[in-house]
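S.K.: Just dropping this structure here.
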Amino acid sequence: MEYMILLYSDESFEMPAPDTPEFGEFMGEWMAYNQKLIDGGHWVSGASLQPTTTATTVTKSFGAAPSITDGPYAETKEQLGGYYLVSAADLDEAIALAKEVPIPVGSFEVRPVAFRPDAA
Amino acid sequence: MSTADDVDAALTRLAREESGRVLALLARRLRDLDLADEAVQDALATAARRWPVDGIPNNPAAWLFTVARNRAIDRLRREASLRRRTLTAAPDLVRAADDGPMIPDPTGTDAMILEPDEQPLADDQLRLMLLCCHPALDRDTQVALTLRLVGGLTTAEIAAGLLVQEATLAQRIVRAKRKIRDAGIPLTIPVDLSERVDVVLGVLYLVFNEGYLSRSTDAVVRVDLVDEAIRLTQALADVVDDDPEVLGLLALERFHRARSATRTDHAGDLVLLDDQDRTRWDRHEIAAAERILVRAIRQMQPGPYQLQAVIARHHAVACTAADTDWPSIVAAYRQLVAMTDSPVARLNHAVAVAMADGAHAGLAELERVDGLDRYHLYHATRAELLHRAGRPAEAADAFAVAISLTGNEAERRHLTRRRRAVLGA
């Protein structure tokens, strides 16, 4: 089965500055995690998003013209910051993968994919 | 010739003792919980129809398995033939449907491995319990599913036991089965087994408490959740051999059951531990609970359920209320508080301290309990201690708060009586 892991975390959490040893370690963890997904045959796709300050929301309502607003869909303490789309045998395996996402504080929603037109 | 009562008893036993095991086996073989459950429910309905006429079969469990297995295979054949016909007419539709949950091919190996005389494995039962108590399901759902699928209770019986609407409960079970299927919750023994067994214990403890506290006498369908919890805990103990916390919960439940006949009077009113007729406590049940507790404690891995069983044992073996070994109970509660940091454990610790060292010491401990403002037993306890400390007006106020917070009729009557007694004194 395929599962989407939606990564919610506090985006005000400071990332280490580039060219510091902490940054190297930070990126290393993500690269290792991505490699693990690839090596385990779990990788389908994944991306990190720019912060919600760059977000624009398009809202449609029956018949009315779509409205465009500045900002994310929901103002919450933790924001959607990225996602992984993984292939896993079952929910337990998907949860195990989600537990290892290298974000120290956050919530990761695991949802089964219903249908993906470009699936092999 | 068996009487109607014999048949009724055999049907109940079939549902409670055998249906969970048969379901566990079928679900593993078919890799489809819903199909397996439907087949078992069909077979139970067939038993209710046929047994009064044909008599009780010699081996009811084998009968149930065979009938359920045949039902499942029939349905798979029907679906397969429908699928073949659809495949000819609309191949696209079939391919899209194949992305959904897998339907095993009944003409292939999946159906063939359903041997007519196959026995459920101990692991099947454990897998089913772990599935019903999967952390991806919420607590109410875990309880409902466990009672329904493992315990073999009907939705009407569960609804009556938990005091919820039957429609609500049925809806909860349907949603849960849908999530299990659609989210791919597996029927497996996980690597983090002990963590997952803890969840099962939490569910069984809740079932036990529901039964213990809310023993409803006015419900039309009566089911004793205390007995159900004990049966399911025993079943879990059988499959995770000698897990000390599982044995601890089992011992705890049985110490409590030994006293259950004396917990209420003829009018259904609560009788406090101090006032219970100890000669009517079930000595055999207490002895059985002690043997289970010894098996747990020998393993030297203390845990919250074992500690609660130790406390229950201190009460069960005291010949009179005055003989109770309160200092040992205080010590056990102190360990329990250290282990769980639970406010309810703190509350009980305060009660034990009051018994060991007096009401003033107990009240001082009670001041240190946080987060139970909405819990009626916190206020009831405070009321009793205030009363014993010679502060009747404050005691009456605390009883009033407790009365306003309890949802249980017998408890409300008891607290109202106590409040009147305190004011009259």
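The values are calculated or read from the model by the stated rules, or taken from the named source; none is laboratory data. Keep in mind it's a predicted model, so treat the numbers as computed, not measured. Backbone-built Cβ (ideal geometry, glycine too); neighbour counts: all protein chains shown.
S.K.: Taking only the range A:25-56 into account, find how many residues are part of a helix (DSSP H, G or I) and within 30 Å of A:ILE68 (Cβ to Cβ).
M.R.: Final tally of qualifying residues: 3.
S.K.: What pairs can you find where one residue is in the range A:1-28 and touching a residue at least 24 places away in the same chain (Cβ under 8 Å), the other is part of a helix (DSSP H, G or I), and their Cβ atoms are less than 6 Å apart, with a gap of 6+ or different chains?
M.R.: A:TYR3/A:ALA94; A:ILE5/A:ALA98
S.K.: Still on this structure: Within the range A:83-95, track down each residue that is surrounded by fewer than 18 Cβ atoms within 10 Å (Cβ to Cβ) and small (Gly, Ala, Ser).
M.R.: Hit for the range A:83-95 is A:ALA89, nothing else.
S.K.: Quick one: would you say B:ALA316 is closer than 22 Å to B:LEU206 by Cα, out of contact with any Leu (no Cβ under 9 Å at 6 or more places or on another chain) and of a type outside the set (Val, Ile, Thr)?
M.R.: Answer is yes for this residue.
S.K.: Scan the range B:242-256 for residues that are of a type in the set (D, E, K, R) and either within 10 Å of B:GLN308 (Cα to Cα) or crowded, with 24+ Cβ neighbours inside 10 Å (or both) and jot them down.
M.R.: Passing the criteria: B:GLU253, B:ARG254.
S.K.: Looking at this structure, is A:GLU93 over 16 Å from the mean Cα position of the chain (by Cα), within 14 Å of chain B (Cβ to nearest Cβ) and outside any loop (DSSP other than H, G, I, E, B)?
M.R.: Yes; evaluated as a whole, the condition is true for this residue.
S.K.: What number of residues within the range A:34-75 are among the hydroxyl-bearing types (Ser, Thr, Tyr) and touching a residue at least 24 places away in the same chain (Cβ under 8 Å)?
M.R.: 3
S.K.: Moving on. Has the range B:225-240 got at least one residue that is surrounded by 21 or more Cβ atoms within 10 Å (Cβ to Cβ), in a helix (DSSP H, G or I), without any contact (Cβ under 8 Å) to a residue 40 or more places away in the chain and among the polar types (S, T, N, Q)?
M.R.: yes
S.K.: Hey, among A:VAL86, A:VAL110, which residue is closer than 30 Å to A:THR59 by Cα and touching a His at 6+ places or on another chain (Cβ under 7 Å)?
M.R.: A:VAL86
S.K.: Suppose the filter is surrounded by fewer than 21 Cβ atoms within 10 Å (Cβ to Cβ), modelled with pLDDT under 95 and closer than 24 Å to B:VAL310 by Cβ; does B:LEU372 pass it?
M.R.: In short, yes.
S.K.: Now for a different question. Among the helices (runs of 4 or more DSSP H) lying completely within the range B:355-425, list those that include at least 2 residues that are of a type in the set (Lys, Arg).
M.R.: Per the criteria, B:376-388, B:409-424.
Table: residues versus (1) over 24 Å from B:ASP323 (Cα atoms); (2) touching a Ser or Thr at 6+ places or on another chain (Cβ under 6 Å).
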residue: B:VAL239; (1), (2): yes, no
residue: B:ASP243; (1), (2): yes, no
residue: B:LEU249; (1), (2): yes, yes
residue: B:ARG257; (1), (2): no, no
residue: B:SER260; (1), (2): no, no
residue: B:THR264; (1), (2): no, no
residue: B:ASP274; (1), (2): no, no
residue: B:ARG280; (1), (2): no, yes
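S.K.: What number of residues within the range A:57-90 satisfy the criterion of being away from chain B (no Cβ under 14 Å) and either among the β-branched types (Val, Ile, Thr) or in a strand (DSSP E or B) (or both)?
M.R.: Residues flagged as away from chain B (no Cβ under 14 Å) and either among the β-branched types (Val, Ile, Thr) or in a strand (DSSP E or B) (or both) within the range A:57-90 amount to 15.
S.K.: Ok, one more. For residues that are of a type outside the set (A, V, I, L, M, F, W, C) and either within 12 Å of chain B (Cβ to nearest Cβ) or closer than 13 Å to A:TRP43 by Cα (or both), scanning just the range A:96-120, find the one that is surrounded by the most Cβ atoms within 10 Å (Cβ to Cβ).
M.R.: Per the criteria, the residue is A:PRO112.
S.K.: Of everything in the range B:155-203, what is within 12 Å of chain A (Cβ to nearest Cβ) and not in a helix (DSSP H, G or I)? Give them in sequence order.
M.R.: Hits for the range B:155-203 are B:ALA183, B:GLY184, B:ILE185, B:PRO186, B:LEU187, B:THR188, B:ILE189, B:PRO190, B:VAL191, B:ASP192.
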